[in-house]
Amino acid sequence: MKKSLWTIVFMIMMTVVFISVLAFINETTKDMIAQNLQLEKYKSILYAFDIFPQGLSERDYDLSATTAEIQWQETQMLETINRNMKTVKLAVPEAMRSLLKQSFLAVSDSVEIYVRLEGDSAMAYGFQMKGKGLWGTITGFGVISSDLEKMIGIDFTDQVETPGLGARILENEFKQYFRNLDLSGFHEQTSDKKPIIMVNQKKSSNLEHSTNSLQAITGATQTCDGVLKMVNIDLKFYIELIKNNQQQLAIR
């Protein structure tokens, strides 16, 4: 009986020690973890804006490459963000909330817009997007041109899709079709068609010939459907919001 009691006491003491060690590690590393997450966020933002380290472009990476493989130096990344971007919070009027009924965006009174600047003029706008994939929420960062006619790019910052299938939305091969994607369908008020569509096969990229279509990933139908729905719903909201706030966003 005494042996069993000592065993229980020993196990409790070891549990307390391990919990204390884990709590200490968590406390001492949380700032570093937060900083690394912020840097990964910046890397995704720059990728979506089609900004790469000096001397590099998207063509220098394989089609299977992901944003994590882009070789940014921390100081260069922060300097690029600070030099090229500003953030603006836009109020969301009550009249526009109906556009968010089918969206997964958690919008309260305002949304944050990243503005790429050239001098005092806005060149492009970036914002968070959210949708639903096969297994969970997909979070993205999308960028559109200042004339609201083309998409500059997109990156997916959070997803839990199937490796080798739906998770391939992280790869350049899928994301490249968002470059120069035609957004004119969002400005055609009488059209009941979806502004963006997904096809099984594209003969060329949208950089070569701008269309409103994306190429789907074979075997990842539900993930692609979720991305497509996210793009059509969230872009409609952001384009309308930006149209109504051109002066605040420094459009010239």
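The values are calculated or read from the model by the stated rules, or taken from the named source; none is laboratory data. These numbers were taken from a predicted model, which means no experiment stands behind them. FYI the Cβ positions are ideal-geometry reconstructions off the backbone, even for glycines, and counts take in every protein chain you see. We work out accessible area using only protein heavy atoms, side chains counted, and drop any ligands, DNA or RNA first. Shrake-Rupley method; radii C 1.70, N 1.55, O 1.52, S 1.80 Å.
Numbers at a glance
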read-out: Chain lengthening between ASP147 and SER121 when straightened (0.36 nm per residue, less Cα-Cα); value: 8.2 nm
read-out: Potential extension, MET14-GLN102 segment - 0.36 nm per residue separation minus Cα distance; value: 26.7 nm
read-out: Rounded to whole Hz, the Karplus (6.51, -1.76, 1.60) HN-Hα couplings of the range 141-146, x for glycine and proline; value: 10, x, 9, 10, 5, 5
read-out: Largest-first ellipsoid semi-axes for the chain, taking √(5λ) over the Cα gyration tensor eigenvalues, angstrom; value: 39, 22, 21
read-out: Rg/Rh ratio calculated on Cα atoms of the range 69-171 (Kirkwood radius); value: 1.00
read-out: For the range 111-134 versus the range 176-252, the gap between their alpha-carbon centres in whole angstrom; value: 14
read-out: Karplus (6.51, -1.76, 1.60) ³J(HN,Hα), θ = phi - 60°, over the range 124-136, in Hz, Gly and Pro reported as x; value: 6, 10, x, 6, 6, 10, 9, x, 10, x, 6, 10, x
read-out: Loop GluC sites (Glu not before Pro), the range 99-160 (other Cβ atoms within 10 Å of the site Cβ: 16 or fewer; DSSP); value: GLU149
read-out: Relative contact order computed over the range 174-216 (Cα-Cα under 8 Å; 6+ residues apart), in percent; value: 52
read-out: Estimated vicinal HN-Hα couplings, Hz - the range 211-220 in sequence order (Karplus 6.51, -1.76, 1.60; Gly, Pro = x); value: 9, 9, 10, 10, 9, 6, 8, 4, x, 10
read-out: The chain: antiparallel DSSP beta bridges as a percent of all, rounded to 5; value: 90
read-out: Under-5 Å amide H pairs with MET129, H placed in peptide plane, nonlocal only; value: GLY140, PHE141, GLY142
read-out: Accessible solvent surface per residue of the chain, calculated while the other protein chains remain in place, 1.4 angstrom probe, Å²; value: 58
read-out: Solvent-accessible area, 1.4 Å probe, carbon plus sulfur percent, for the range 49-97; value: 45
read-out: Accessible surface of the range 139-232 [probe 1.4 Å, protein heavy atoms]: carbon and sulfur percent; value: 47
read-out: Theoretical ellipticity at 222 nm over the chain - DSSP helices of four or more residues, -39500 (n - 2.57) apiece, nearest 500; value: -11500 deg cm²/dmol
read-out: Rg and Dmax of the range 126-246, Cα atoms only, in Å; value: 13.6, 41
read-out: Extension gain (nm, one decimal) between LYS243 and SER213, 0.36 nm per residue minus Cα-Cα; value: 8.5 nm
